[in-house]
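Nothing in this text is a laboratory measurement; each read-out follows from the coordinates by a stated rule. Note that the structure is predicted; figures quoted are calculated from it, not measured. Here Cβ is always computed from backbone atoms with ideal geometry, including for glycine, and neighbour counts include all displayed protein chains.
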């Protein structure tokens, strides 16, 4: 495939850039038309690559792009999953270039979605195109690209149920994760689930003068801070009663296996610019992000946030709270557990509202499957190093549903790197990984 | 003066509205030109009312409006203080009408600044106009209106020092406070000081994916919340060591005197829509806002605050923190005390920056002075009830400086009401108070 890449590189960039330029932000209502536009462009790329029936399928939310190539019904079938929606680009002022105008420099593509997940799903279209055109395709291939992954895939499970036969496959191949390092190839064999909520604390029914009322009235910001502060124990555990009840505790042996993944604590700290790490006591950093659940505040706001000094006790304070879950914690149980707890700890001087935003379950993938072995062999061939099995801290909410509805395991062959800063300003995707990923995917088909 | 008001009402509204329409927000750099415009318009109104030397005087910050009428150097002199700058209007979406387009309905003027302080300073110009035109002015009157009160009057003290002789007077008359109620006239005999700071907590040097890093890295929002939560004891005291060291503790007798001010706890709770009040243990609500210091968070922000779910560990979290001080707490001591404490309690996993925004000291006013007695008699005549001495929780930072530099006591004859929601959306000023204030001021001159 190396040669094919070399010959078609410029066209690949043009095609990828045409979808990167579309601000398909699923979290924002104003970008609704962009979702349709992006889906249509990807369907067109699928058709041009040689897929049949490629088109934009309506769902109860953003449309799903589907396309397939059935070479021979007796051959095994690969279902490729990806998503064309992206995270919001805020804070905009921290980008070095327009978040929706891709640029190439320093050996990488820089743009929102360059990696997550437009860049990664694009590798699959091109590997498929190469195999098809060179007469090497010996599998049936189906593509399913959704537009709601970043908001928790609310519509896809029903869409999958509605198209169960059309989607029947032997494995679900996904490139939407990272490797441990540029020179430490890895295959993700588990992901965390997610419960995401928005909370609102209301004190007085209007903003008050902080001089006239200060000291006599519960300040909703202070109360929210106190409530958030109470959500962790001094040992870094999540202090929501029942939160750990169903957490699968790994055996010493399994933990030792995970500990084999190379990890450079100092380099890790340096890469994110912190003096000290912080997390649950008695667990390593990789365990904290891989096999342990956690709770984070993703956003907080209330009162006057403009320039200068406004002396006010605000009426409201808000926060967005995300919990990463591990097997067997179920989002459907943890979300209401948290909501009940958060309301229970509110003092009587305020009112608390909790809104569910997004949820999904974590999952584990067996590492002795034919698909895992094929992926491992393909990556070994391209990188010259055998990939280690890793546990990703992120969530692809819908994959637990794919497992349940279609009865097939996902295989997470991701080529991102931490340095890509997905979800943050200046998202990028190393060209080395972009092309290495295409090659690895093409080889996966050879060995699967 | 009643008749004069009746005859000139429409002109009064037109004149006041012409200054209310100017968005003279001192906290915002973009409103710099509005400060000059507003000052010039007020100087013009002073000239039209009959003041001499009325003009716009430069200071190291926003200009000061000055004007005077020296009837006879042997007569006693009243220095009227007010401010033409206003608080920001945010949150804009909570206003029922344009914050800078005054409207009259339900017996009140609705506009930012309707009360604080354009409406109140305007009463003084009109009472002066009436006395002058009707030949009843038997005092020298000087007006000093500044444009930086809402940001802590950083330039006025120096300006006062530079114009000490020009400003010489026997009393400093101020209408920039509230009465206890529409039917509970009161005169403010003390105000709190202020220390206002902005804090910034930085964790990782960029926003991080909350899945990849969640559980392993200190989240600056969580840390900020924990730090803020630690600033109060369970008893509602400010938990900054040394904070109470210089607080003047009132005697039982003085506390009993203050307790005579009528206070309806249920009506108070209802007026601000809360089920329960909260504050320092063992103190009443009026004591908590009058004679005790406090700490409030006026604003907080960090991470993703837009629509939907963005899964991010932000790099930074911010808060604006205000402390109301009582005699003899000095802002110049409390501000660095807080800054040092806040940095000291930061965990090593984050970096904390603290920025001083605003400061000023509290003060007390004797209630046996000729000025207090004249004001009390004037208000009694207009309201039919003798005003009670009260302690205001707010701050007019510069008045402690006036006391020090000019050696005169301020007299706080304010006609606002809590229902006016100054500093908040839908600020208003009851016409009854607006006209009652003018009458009371005119009578003050008669009895002083």
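So the values come out like this:
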| read-out | value |
| --- | --- |
| Bridge type composition, the protein assembly as shown - antiparallel percent by DSSP, nearest 5 | 75 |
| GNM result for chain B, Cα springs below 10 Å: residue of B:146, B:307, B:358 fluctuating most strongly | B:307 |
| The stretch B:119-160: translational diffusion in µm²/s, Stokes-Einstein, Kirkwood Rh over Cα pairs, 20 °C, 1.002 mPa s | 175 |
| In Å, descending, principal axis extents of the Cα set of the stretch B:153-277 | 67, 47, 31 |
| Exposure proxy order (Cβ contacts within 10 Å, fewest to most) of B:110, A:95 | A:95, B:110 |
| Highest-MSF residue in chain A out of A:297, A:174, A:56 [GNM, Cα springs under 10 Å] | A:297 |
| Reciprocal of mean inverse Cα separation for the stretch A:272-398 (Kirkwood radius, Å) | 18.7 |
| Copies compared at residue B:13 - label distances in nm, ascending, label defined 7 Å from Cα in the Cβ direction | 6.8 |
| Largest to smallest principal axis extent of the C-alpha atoms in the protein assembly as shown, angstrom | 110, 50, 45 |
| Inter-copy separations for residue B:133, label at 7 Å along Cα-Cβ, nm, ascending | 8.9 |
| For A:267-276, mean number of other protein chain Cβ atoms within 10 Å | 5 |
| Equivalent ellipsoid semi-axes - Cα gyration tensor, the stretch A:225-325, angstrom | 34, 19, 10 |
| Ranked list, fewest to most other Cβ atoms within 10 Å of each Cβ, for A:444, B:448 | B:448, A:444 |
| Between 0 and 90°, nearest 10: helix A:32-49 axis offset from chain A longest Cα axis | 20 |
| Cα→Cβ-extended label distance, 7 Å offset, between residue B:264 and residue B:205, nm | 6.1 |
| Length-normalised contact order of the stretch A:24-93 in % [C-alpha pairs under 8 Å, at least 6 apart] | 34 |
| Translational D in µm²/s for the stretch A:188-261 (Stokes-Einstein at 4 °C, 1.567 mPa s, Kirkwood Rh from C-alpha pairs) | 77 |
| Equivalent ellipsoid, chain B (semi-axes from 5 times Cα gyration tensor eigenvalues, Å) | 40, 25, 22 |
| Estimated distance in nm for a label pair at residue B:246 and residue B:183, the labels positioned 7 Å out from Cα along Cα-to-Cβ | 4.3 |
| Ranking of B:86, B:171, B:240, A:326 by count of other Cβ atoms within 10 Å, fewest first | B:240, B:171, A:326, B:86 |
| Where N is the number of residues in the stretch A:34-78, Cα Rg divided by 2.2 N^0.38 Å | 1.28 |
| Relative intensity, log₁₀ I(q)/I(0), of the stretch B:133-220 from a Debye sum that treats every alpha carbon as a point, q = 0.13, 0.14, 0.24 Å⁻¹ | -0.75, -0.80, -1.30 |
| Part-to-part distance (alpha-carbon centres) for the stretch B:107-150 and the stretch B:369-435, which is given in Å | 13 |
| Pseudo-label separations to other copies for residue B:381 - Cα-to-Cβ vector, 7 Å, nm | 10.3 |
| Ellipsoid equivalent to the stretch B:202-242 - semi-axes via the Cα gyration tensor, in Å | 29, 10, 6 |
| Shape metrics for the stretch A:379-448, restricted to C-alpha atoms - Rg then Dmax, Å | 14.1, 37 |
| Kirkwood hydrodynamic radius of the stretch B:346-392, Cα pairs, Å | 14.9 |
| The stretch B:279-350: Cα Rg divided by the 2.2 N^0.38 Å rule of thumb | 1.50 |
| Between 0 and 90°, nearest 10: helix A:370-383 axis offset from chain A longest Cα axis | 80 |
| Value of Rg to Rh for the stretch B:86-145 (Rh from inverse mean 1/r over Cα pairs, i.e. Kirkwood) | 1.13 |
| Size descriptor, Kirkwood hydrodynamic radius, that averages inverse alpha-carbon separations across the stretch B:309-364, Å | 13.6 |
| GNM result for chain B, Cα springs below 10 Å: residue of B:106, B:116, B:85 fluctuating most strongly | B:106 |
| Cα-only radius of gyration and Dmax that characterise the stretch B:254-307, units Å | 15.8, 52 |
| Kirkwood Rh, Cα atoms: Rg over Rh of the stretch B:1-62 | 1.06 |
| Chain B: relative contact order in percent, alpha carbon pairs under 8 Å with at least 6 residues between | 25 |
| Relative contact order of the stretch B:113-200, pairs being alpha-carbon contacts under 8 Å that are 6 or more residues apart, as % | 24 |
| Cα gyration tensor shape for the stretch A:76-203, rounded if a/c is under 1.5, else prolate or oblate | oblate |
| For the stretch A:357-420: rounded, prolate or oblate by the Cα gyration tensor [a/c cutoff 1.5] | oblate |
| Distance in nm between pseudo-label sites at residue B:235 and residue B:53 (7 Å out along the Cβ direction from Cα) | 5.3 |
| Euclidean distance between Cα centres, the stretch A:239-300 to the stretch A:169-213, Å | 15 |
| The stretch B:1-155 shape via C-alpha gyration tensor axes, a/c threshold 1.5 | oblate |
